[in-house]
Amino acid sequence: MVERERDEEHRVASPLELFFDLCFVVAVAQGGAELVHAIAEGHTGSGVIDYARIFFAIWWAWMNFTWFASAYDNDDVIYRVVTLVQIAGVLVLAAGVSRAFADEFTVVYLGYLVMRLAMAAHWLRAAKATRGAERTVALRYAGGVLLCQVGWLGLMFTPSGARNWVFLAMAVLEMCVPVFAERNRQTSWHPHHISERYGLFTIIVLGETIAAATVAVKSGIEEHDALGELLPIAAGGLLIVFAAWWIYFAVPIHDRLRSNRQAFLWGYGHYFIFASAAAIGAGIEVAVEQAVGAAHLSRIAASAAVTIPSAAFLLMVWALHARYFKVGAAQQLALPVSALLVLGCTFAGHWAVFAAGVVAALTVAVGVMLSAAGNARADLAAT
């Protein structure tokens, strides 16, 4: 197992990688469902913290494999089997999400352990097949992954009052492993392949958001005959998701991923993009439950469950890559201003989600017009 060429042509996601992504979204869906339950029961603070922790475990295991596969995917039998073991691990993790929200992490830890041991096996196999600096990088990755699993075991025996701090410390250590492993030599990840993989996972998470929201609206209509109350939420939620897709894919980010310094910041920052995208669906479910009287929270709180992750998504997409392709103050301010307006929609009462959707749709329209105007000026200047 040796590195693939960084400039390899026609490098695209494999069927195994697509299958990998789909199985990971099962765990994302479980986390979202538990977040809905926590918010609807009035436990917003603890629910958000638990969701952030669970989502980190899912995202980090997904991201580690994604970057490894971009550099080393040889698609032989051993590679496939070890990757399928990782998939089994995330399904075990998904089965333990409900208990994790009740502060019981045994099943989640076992699932995470399976995924990470399989990841270490990938790196050890790469180390065996290589020499010199490349082998050193692989061994650093394998050693770092294995050592972190020992640290995560400590979380199982930490008093509940200190678990958040232990989790934060271990999360930081996990994220330091790639920086340490590649400090002297960069792996040969493929920029276009990486951007495609992140884009595909974004699409899958947004798709799961639509699916979860659709089920919630369907249930509200069938069980409570609340079509009039739910129609604005359904329409607004759909506009938000459509706009999120459009805005994310408006620019070709792979051209900016030239080094680890740029790519690590971009890749790590996607934790917030993925988490907020998934949380939008959970927020729509909360808004539906509040509208039919099944949630123990105010209308403003239910609206905020949609507007806050929507605004976070807009801001993070702007911060990570959209801003690098914007020219002039109007283009640069479009997404940040839109995020603020979406937050303001929280106080629009029954129409809050619909108003947020309209703002998101108008953001797309304004972006298209500003881009067209900019291109026209550039063409005029060229002639």
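Show the residue pairs that are 6+ apart or on different chains and have beta-carbon atoms under 7 Å apart, the first residue being within the range 125-146 and under 22 Å from residue 175 (Cβ atoms) and touching a residue at least 40 places away in the same chain (Cβ under 8 Å), the second being assigned to a helix (DSSP H, G or I) and open to solvent by 50 Å² or more (accessible area, probe 1.4 Å).
Matching pairs, first to second residue: 140/180.
With the requirement that a residue be aromatic (Phe, Trp, Tyr) and either more than 13 Å from the chain's Cα centre (by Cα) or open to solvent by 50 Å² or more (accessible area, probe 1.4 Å) (or both), what does the range 269-300 give you?
Step one: list which residues in the range 269-300 are aromatic (Phe, Trp, Tyr), which gives 271-272, 274.
The one that is aromatic (Phe, Trp, Tyr) and either more than 13 Å from the chain's Cα centre (by Cα) or open to solvent by 50 Å² or more (accessible area, probe 1.4 Å) (or both): 272.
Among the residues of the range 101-116, how many are over 17 Å from residue 24 (Cα atoms) and touching a residue at least 12 places away in the same chain (Cβ under 8 Å)? Full working, then the answer.
Going residue by residue through the range 101-116, those that are over 17 Å from residue 24 (Cα atoms) are 101-106.
Pick out the ones that are also touching a residue at least 12 places away in the same chain (Cβ under 8 Å) and you get 101, 103, 105-106.
Qualifying residue count, the range 101-116: 4.
With the checklist (1) over 20 Å from residue 303 (Cα atoms); (2) hydrophobic (A, V, I, L, M, F, W, C); (3) out of contact with any Phe, Trp or Tyr (no Cβ under 8 Å at 6 or more places or on another chain) in hand, flag the one item residue 263 doesn't pass.
With (1) over 20 Å from residue 303 (Cα atoms); (2) hydrophobic (A, V, I, L, M, F, W, C); (3) out of contact with any Phe, Trp or Tyr (no Cβ under 8 Å at 6 or more places or on another chain) applied to residue 263, the lone miss is (3).
Could you check the range 155-273 for helices (runs of 4 or more DSSP H) lying wholly inside it with 1 or more residues that are under 26 Å from residue 145 (Cβ atoms), touching an Asp or Glu at 6+ places or on another chain (Cβ under 9 Å) and in contact (Cβ under 8 Å) with a residue 60 or more places away in the chain?
By residue number, 163-181, 191-224.
Would it be correct to say that residue 110 is open to solvent by 50 Å² or more (accessible area, probe 1.4 Å) and within 26 Å of residue 158 (Cα to Cα)?
So residue 110 passes the test.
Taking the range 46-65 only, how many residues are surrounded by fewer than 24 Cβ atoms within 10 Å (Cβ to Cβ) and either not aromatic (Phe, Trp, Tyr) or not in a helix (DSSP H, G or I) (or both)?
The total comes to 9.
If you go through the range 8-45, how many residues are part of a loop (DSSP other than H, G, I, E, B), open to solvent by 30 Å² or more (accessible area, probe 1.4 Å) and in contact (Cβ under 8 Å) with a residue 12 or more places away in the chain? Spell out the reasoning first.
Step one: list which residues in the range 8-45 are part of a loop (DSSP other than H, G, I, E, B), which gives 8-14, 41-43.
Pick out the ones that are also open to solvent by 30 Å² or more (accessible area, probe 1.4 Å) and you get 8-10, 12, 41-43.
Still in the list and also in contact (Cβ under 8 Å) with a residue 12 or more places away in the chain: 8, 12, 41-42.
Residues in the range 8-45 being part of a loop (DSSP other than H, G, I, E, B), open to solvent by 30 Å² or more (accessible area, probe 1.4 Å) and in contact (Cβ under 8 Å) with a residue 12 or more places away in the chain: 4 in total.
Identify the single condition in (1) modelled with pLDDT under 90; (2) touching a Leu at 6+ places or on another chain (Cβ under 9 Å) that residue 165 does not satisfy, given that it satisfies every other one.
Only one criterion is unmet by residue 165, namely (2).
The values are calculated or read from the model by the stated rules, or taken from the named source; none is laboratory data. Because the structure is a prediction, the values reported are computed rather than measured. Note that each Cβ is placed from the backbone with ideal geometry, even for glycine, and that neighbours are counted across all protein chains shown. Side chains are part of the model used for accessible areas, which takes the heavy atoms of the whole protein and leaves out ligands, DNA and RNA. Shrake-Rupley method; radii C 1.70, N 1.55, O 1.52, S 1.80 Å.
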